[in-house]
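Below is one structure; the comments refer to it alone.
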Amino acid sequence: MSINIARNNKKRIVIVGGGFGGLQLANKLKGSDYQVVLVDKNNYHQFLPLIYQVATAGMEPSSIAFPFRNVYKNRKKNFYFRMAEARAIVPEHNLLQTSIGKIEYDYLVFAAGTTSNFFGNKHFEEVAMPMKSISEAMGLRNALLANFERAITCTTEEEKRELLNIVIVGGGATGIEIAGALSEMKRYVVPKDYPELNWEDVHIYLVEANDKLLHTMSDSASKAAYNSLEKMGVKIILGQRVADYTNREVVFENGDTIPTRSFIWTSGVTAVRIGNFNTELIGHGGRIMVDEHNRVKGLNNVFAIGDQCIQTEDAYPNGHPQLAQVAIQQATLLAANFKRLSKGKDLRPFHYKNLGSMATVGRNSAVVDLPKLHFSGWVAWLTWLVVHLRSILGIRNKIFVLLNWIWNYITYDSSIRLIVYARKAQEIKDRELRESQTHLGEDVLT
Ligand SMILES: Cc1cc2nc3c(=O)[nH]c(=O)nc-3n(C[C@H](O)[C@H](O)[C@H](O)COP(=O)(O)OP(=O)(O)OC[C@H]3O[C@@H](n4cnc5c(N)ncnc54)[C@H](O)[C@@H]3O)c2cc1C
């Protein structure tokens, strides 16, 4: 079976993943001499930096998602989107195997990002709640709200404690952002929505194996985040590793335990693996090793950008940080290089321009690390708001997010606290996927 796209006289670039990198690449190839096919397992681009606001019922999922067909609606020629999952690559035949069939390429670009890293612990993978996509964030929102509902009617203090304790594993930017948002939810939403509960019984724990929060950022950012979260009542546990989650208890390596039914995992990422990809080409963090042109080592017409690849340069001997800016800058250069290729010109090497990093800790509080300047507090928070608002795709989404923030800021109220399960639809989709996997598993071998 093959994906139904007719070849024309143009060379075809297949992009796997329409995140920050893949979408930028597709956009920058507009008007080029190539036929561009974007393949993504979802039919929308997701703005990951605001996903924690969906998980904490602060924002509608549609405000941070953008359908690919909307992006391409005015580009009838030479641009195609296919909703499919990349499964395997057959480089000797220039073929990519996907969940809906094979596709032939002249150039292939992997931009499939990362997935949660459970460090090989299958049990954590099954029981922990990750927050790496809109669907996971919605699952988390459902679970948190359902636990509050249940806490009102449960009959024992033990069960109530489990329901109202929330444990977040991972003190990076995602961990501190969700800890901050949950502590605001505890302070401002719980008393209004659940007056039968005592909001002070809700305990939020943030656990980090390192001896500081935000260990990839500056010391001043780390300290400022720690102080803000502590003031907001978050219980921060540093230098401790979680060993197990059993009988509704998080168990630490030193034997300490915390009873909870909300075991949230933000402890790291690993690059998305494409089925049969040669393991010799995979480096640290499961990332595909690429040269200075983002070309996969040893594969002349296959490239990788963004979080899924690892590329070194003098200033970044261990690879670039996994940030949106890296993906966007690599995609911009790769698009220019494709245009140069079509004119027979030499490719230009990539050099990352560090624009800084930031994280928000809650209302009026954020930390910003610029190359030569670190600041925190209200000004940092305003900077965070402006930068994120500018980066969201689409005028409609920008307006919705801005209005939502203004509303939340004035009313101390978050927008949508619905518990919605799409059970039947998900079961059917999973069954279809399993069936197609069996079928396509045979297909790629023949
Ligand atoms: C919760 C969270 C918050 C973050 N906050 C920030 C921040 O504030 N600032 C910042 O700079 N960075 C932030 N990051 C990191 C940033 O989002 C990534 O560095 C960036 O998204 C990388 O872009 P990418 O294009 O490589 O991958 P992604 O943006 O992750 O896109 C990957 C795409 O590939 C698709 N895909 C995955 N597997 C397959 C497959 N097998 N087949 C087809 N499609 C597939 C996915 O659906 C997705 O659309 C955050 C990340 C997370 C998870």
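Values quoted throughout were computed directly from the atomic coordinates according to the rules given, and no laboratory measurement underlies them. Please read these numbers as outputs of a predicted model, since none were measured by experiment. Glycine also receives a Cβ, built like all others from the backbone with ideal geometry; neighbour counts cover every protein chain displayed.
Taking the fewest neighbouring Cβ atoms within 10 Å as the starting point, the ordered list for C154, C309 is C154, C309. For the chain, averaging the sequence separation of C-alpha pairs within contact (under 8 Å, six or more residues apart) and dividing by the residue count gives a relative contact order of 19 percent. Exposed loop sites here are GluC sites (Glu not before Pro) assigned a DSSP state other than H, G, I, E or B and surrounded by at most 12 other beta carbons within 10 Å; excluding them, the longest clear run of the chain is 1-195.
Applying 0.36 nm per residue to the separation of D211 and V387 and subtracting their alpha-carbon distance, the gain on full extension is 60.4 nm. As a rough footprinting exposure proxy, the listed residues W378, W265, W405 were ranked by other beta carbons within 10 Å of their own, and the order from fewest upward is W378, W405, W265. Pairs exceeding a 28 Å alpha-carbon distance, out of K122/K223; K73/K339; K132/K212; K10/K73: K122/K223. Using the Cβ of E200 as centre and a radius below 14 Å, the other residues enclosed give a net charge of +3, where K and R count +1 and D and E count -1. In the chain, the longest principal axis of the Cα atoms and the axis of helix 395-411 are about 10 degrees apart.
Enclosing the Cα atoms of the stretch 175-226 in their convex hull gives a volume equal to 77 cubic angstrom per residue.
Expressed per residue, the C-alpha convex hull volume of the stretch 116-177 stands at 105 Å³. Using the alpha-carbon positions of the stretch 263-303, Rg (one decimal) and Dmax (whole number) come out as 12.6, 44 Å. Between amide H atoms placed 1.01 Å from N, distances below 5 Å from S262 occur with V167, all of them 5 or more places distant or on a separate chain.
Note that the stretch 192-209 has calculated 3J(HN,Hα) couplings of 7, 7, 10, x, 6, 9, 8, 4, 6, 7, 7, 10, 10, 10, 10, 10, 9, 6 Hz, one per residue in order, obtained from phi through the Karplus relation 6.51 cos²θ - 1.76 cosθ + 1.60 (θ = phi - 60°); glycine and proline are x. Mean projected area of the convex hull spanned by the Cα atoms of the stretch 1-125, taken over all viewing directions: 9.7 nm². Restricting the trypsin sites (Lys or Arg not before Pro) of the stretch 1-44 to loop positions (DSSP other than H, G, I, E, B) with no more than 14 neighbouring Cβ atoms within 10 Å leaves R7, K30. Note on the chain: with a GNM built from Cα contacts shorter than 10 Å, the maximum mean-square fluctuation among L323, L389, L355 falls on L355. Derived value for the chain: Kirkwood hydrodynamic radius 23.3 Å. Basis is the mean of 1/r over every pair of different alpha-carbon atoms. Taking all C-alpha pairs of the stretch 323-365, those more than 13 Å from each other amount to 62 percent.
From its DSSP helices (H runs of at least four residues, each -39,500 (n - 2.57)), the chain gives a residue-normalised ellipticity at 222 nm of -10500 deg cm²/dmol.
Counting every C-alpha pair in the stretch 315-440, the share spaced more than 26 angstrom apart comes to 54%.
Three semi-axes describe the equivalent ellipsoid of the stretch 267-364; taken as square roots of 5 times the Cα gyration tensor eigenvalues and ordered largest first, they are 25, 19, 11 Å. Relative contact order of the stretch 240-334, taken over Cα pairs closer than 8 Å and 6 or more residues apart, is 16 percent.
Listed from fewest to most Cβ neighbours within 10 Å, the set L38, L382, L95 follows the order L382, L95, L38.
Give me D for the stretch 191-307 in µm² s⁻¹, whole number, from Stokes-Einstein with Rh from the Kirkwood sum over alpha-carbon pairs, 37 °C and 0.692 mPa s. After rounding, the answer is 181 µm²/s. Extending 7 Å from Cα along the Cβ direction at W378 and again at K231 yields two label points whose distance is 1.1 nm. The I419 and L281 beta-carbon pair, evaluated with R₀ = 35 Å, returns a calculated FRET efficiency of approximately 0.20. Springs between Cα atoms under 10 Å define the GNM used for the chain, and in it the highest mean-square fluctuation of H388, H284, H93 occurs at H93.
The base-10 log of I(q)/I(0) for the stretch 220-283, evaluated at q = 0.14, 0.21, 0.28 Å⁻¹, reads -0.69, -0.96, -1.22 [Debye formula, identical scatterers on Cα atoms, solvent excluded]. Largest GNM mean-square fluctuation across T332, T155, T312, computed for the chain with C-alpha springs under 10 Å, falls on T155.
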